[in-house]
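The structure appears below as structure tokens.
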Number of protein chains: 2
Amino acid sequence: MDIVLIGSGNVASHLGTALHHANHHIVQVYSRKQSNALELAEQLNAEAISDLANLLPTADLYVISVKDDVITQVVEQMPETKGLVVHTAGSVSVDVLSRYKNYGVFYPFQTFIKSAHLQFDNIPILVEANTEKNTSTLLKLGKDLSGKVLRASSEQRGALHISAVFACNFVNHMYRLGEDVLKDSGLPFELLHPLIKETANKVMKFSPSVAQTGPASRNDQQIIQKHLKQLEGQHELAQIYELLTNSIIKFNQ
Amino acid sequence: MDIVLIGSGNVASHLGTALHHANHHIVQVYSRKQSNALELAEQLNAEAISDLANLLPTADLYVISVKDDVITQVVEQMPETKGLVVHTAGSVSVDVLSRYKNYGVFYPFQTFIKSAHLQFDNIPILVEANTEKNTSTLLKLGKDLSGKVLRASSEQRGALHISAVFACNFVNHMYRLGEDVLKDSGLPFELLHPLIKETANKVMKFSPSVAQTGPASRNDQQIIQKHLKQLEGQHELAQIYELLTNSIIKFNQ
């Protein structure tokens, strides 16, 4: 397919690269900043543009992969097209694209930072479109990239995105707080690596409720109070420790 | 070494098995419940006991691997011994064993559930003891099990344990909340597996602050408010979402 990529951030870069490697033709890369557009366009052998008025109207697919709150702006500025217009956002309804004849969503469900290399093969891709034909097109495109492509409504995608905020964004923040706790101890964060790996591996085989360990899961108040005492003076860590400990205790009841 | 194992829980089972495989001789397994002692003792080719008065006084090493709040009880009931007495707890000072001539701590830093198979090779083991000679003995024993053995004071071990509560116990709880968010959507928790793996993998290569993604890290208030609205009626999820989102925003400032 001839594809126009609108955006040059983390998702746009990884998705554009994956589509390029799957032998699709990225014809244009748009970014508000010409330098950003150029950088990605060069890698994908595409034309770089920084004005939506210059968008090729004849591409097969337009992938809008910009910050969620910029999508509507882009849609207002984009010229008419018969091509299929999709966005890649978890929490944005397909309806924001309803001014187009052909529209949908192509949501790769993964955490993207530019510098991390990613295999797309195992990344679930959730698709939705305004017609059965467009849905088929997106399912087929998804299968070019991944072994796990499925239909999902805007509502389901929204639930999955919130779920990911917990299981990915908040998880990473927990790593960061763990690092923070260690910072005055003289012990390196790397000591946590095997534990972090095993914690993730365990929930590939067991449900999180079975995998739960630690003082809260045993309701070991002696240790919990000791930890809270040690976190005195670090108000935020203590507050999060207490809320999550109580939440674990409640879930176990 | 001739080793007496006091406890038959998750840590005792995994540690006992690892010591057994490293050709140490587990001579006794103690548990308050004779059936639990028997089950583990059989696997380790050891004698099962359920009364601490029957403890062999001549072993080289006594490993107390019971719930943190039971350690002092065990110590009160244990007969005198010249052998080295250690516990395996993160948040308990070495001093609780000071009535013995030779004592220390042998802390394998990992999350243990019985049914998950574990390789000990990469598990950091933190040791501390009352004399240099006992420290050397524990360092040597640690090296029989793992490539990563280090000295750590009770204070350092305490910090590491709190850090693990965040990076492991709370992380697992985030997986559980993620599962909870999905439960009415018709989407399976397994969809989160690649994301969970990648989130863990990323912090092997990047610091958690670099690896952070998601609406909070972009301070995308439009999505944050939308998520909070969707979590209305699920008070606990909403409360945790809000606290952690604000914490991420603060850390990024």
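The values are calculated or read from the model by the stated rules, or taken from the named source; none is laboratory data. Computed from a predicted structure; not experimentally measured. FYI the Cβ positions are ideal-geometry reconstructions off the backbone, even for glycines, and counts take in every protein chain you see. Just so you know, the surface numbers come from the protein's heavy atoms only, side chains and all, with ligands and any DNA or RNA stripped out. Shrake-Rupley method; radii C 1.70, N 1.55, O 1.52, S 1.80 Å.
Considering only the label points, 7 Å along Cα→Cβ from Cα, what distances in nm to one decimal separate B:Glu39 from the same position in each other copy, shortest first?
Those separations, rounded to one decimal, come out as 5.6 nm.
Roughly how many whole Å is it from the C-alpha centroid of region B:114-167 to that of region A:69-111?
Comparing the Cα centres of region B:114-167 and region A:69-111, I get a distance of 52 Å.
Within 13 Å, Cβ to Cβ, of B:His25, how many net charges do the neighbouring residues add up to if Lys/Arg are +1 and Asp/Glu are -1?
-4
Straight-line reach from A:Lys82: which lysines fall under 18 Å, measuring Cα to Cα and dropping same-chain residues less than 8 apart?
Straight-line reach from A:Lys82, under 18 Å: A:Lys101, A:Lys133.
Calculate what fraction, in whole %, of the accessible area of region B:24-76 sits on carbon and sulfur atoms when a 1.4 Å probe is rolled over the protein chains.
43
Taking Cα pairs under 8 Å and at least six residues apart, what relative contact order does region A:95-253 come out at, in percent?
Across region A:95-253, relative contact order equals 13 percent.
At a probe of 1.4 Å, how much accessible area disappears from chains B and A on forming the pair, both sides counted, to the nearest 100 Å²?
9200
Starting from a label point 7 Å past Cα on the Cβ side, list the distances from B:Ser209 to the same position in the other copies, nm, shortest first.
Copy-to-copy label distances for B:Ser209: 3.9 nm.
Run the 1.4 Å probe and let me know the accessible area of A:Thr131, rounded to the nearest 10 Å².
Roughly 50 Å² of A:Thr131 is accessible to a 1.4 Å probe.
With a point put 7 Å past each Cα toward its Cβ, work out how far A:Asn219 is from B:Gln225 in nm, to one decimal.
Going by the 7 Å Cα→Cβ label model, 4.0 nm.
Give me the net charge of B:Gln34's neighbourhood, meaning all other residues with Cβ under 14 Å from the Cβ of B:Gln34; Lys, Arg count +1, Asp, Glu -1.
Local net charge: -2.
On C-alpha positions alone, give me the angle between the axis of helix B:132-145 and the longest principal axis of chain B, in degrees, nearest 10.
60
Mind listing the Cα extents of chain A along all three principal axes, in Å, largest one first?
Computed over the Cα atoms, the extents are 68, 38, 30 Å.
Calculate, for chain A, the solvent-accessible area per residue in square angstrom, rolling a 1.4 angstrom probe over the heavy atoms of the protein chains.
42
For chain A, what does -39500 (n - 2.57) per DSSP helix run (n ≥ 4), summed and divided by total residues, give at 222 nm, in deg cm²/dmol to the nearest 500?
After summing the helix terms and dividing by residue count, I get -13500 deg cm²/dmol.
Let me know the number of lysine pairs in region A:146-241 closer than 29 Å at the Cα, not counting same-chain pairs under 8 apart.
Summing the qualifying lysine pairs gives 11.
Give the Kirkwood hydrodynamic radius (Å, one decimal) of region B:22-144, defined as one over the mean of 1/r across all pairs of different Cα atoms.
Mean inverse Cα-Cα distance, inverted, gives 15.2 Å.
Which longest uninterrupted range of chain A lacks any trypsin sites (Lys or Arg not before Pro) assigned by DSSP to a loop state (not H, G, I, E or B) and surrounded by at most 14 other Cβ atoms within 10 Å?
A:184-253
Please work out the FRET efficiency for the pair A:Ala22 and A:Lys133, using the Cβ-Cβ distance as r and a Förster radius of 22 Å; give the result to the nearest 0.05.
0.60
Cα-Cα pairs above 36 Å in the protein assembly as shown: how many percent? Let's see the in-between values first.
Numbers: 51498 of 127765 pairs.
Value for the protein assembly as shown (Cα pairs over 36 Å): 40 percent.
If I model a spin label at A:Lys143 and B:Gln239 as a point 7 Å from the Cα along the Cα→Cβ vector, what separation in nanometres do I get?
4.8
Once you list every other residue whose beta carbon is under 15 Å from the beta carbon of B:Asn45, what net charge do they have if Lys and Arg are +1 and Asp and Glu are -1?
Summing Lys and Arg as +1 and Asp and Glu as -1 gives -4.
Taking every pair of alpha-carbon atoms in region B:88-217, give the share separated by more than 26 Å as a whole percent.
Everything past 26 Å amounts to 39 percent.
Compute, for region A:171-253, the length of the dipole vector about the Cα centre, with Cβ point charges of +1 (Lys, Arg) and -1 (Asp, Glu) only. Units Debye, rounded to 20.
For region A:171-253, the charge dipole is close to 360 debye.
Based on the alpha-carbon gyration tensor of region A:116-186 and its eigenvalue square roots a ≥ b ≥ c, which shape applies: rounded if a/c is under 1.5, prolate if not and a/b is larger than b/c, or oblate?
Oblate.
What is the set of long-range amide H partners of A:Asn102 at a cut-off below 5 Å, with H atoms built 1.01 Å from backbone N?
Those qualifying (amide H under 5 Å, at least 5 residues apart or on another chain) are A:Val85.
When each copy gets a label point 7 Å from Cα toward the beta-carbon at A:Gln221, what are the spacings between them in nm, shortest first?
Relative to the other copies, A:Gln221 has label-point distances of 4.2 nm.
With respect to the axis carrying A onto B, what is the closest chain A residue by Cβ position, and how many angstrom separate it from the axis?
A:Ala200, 2
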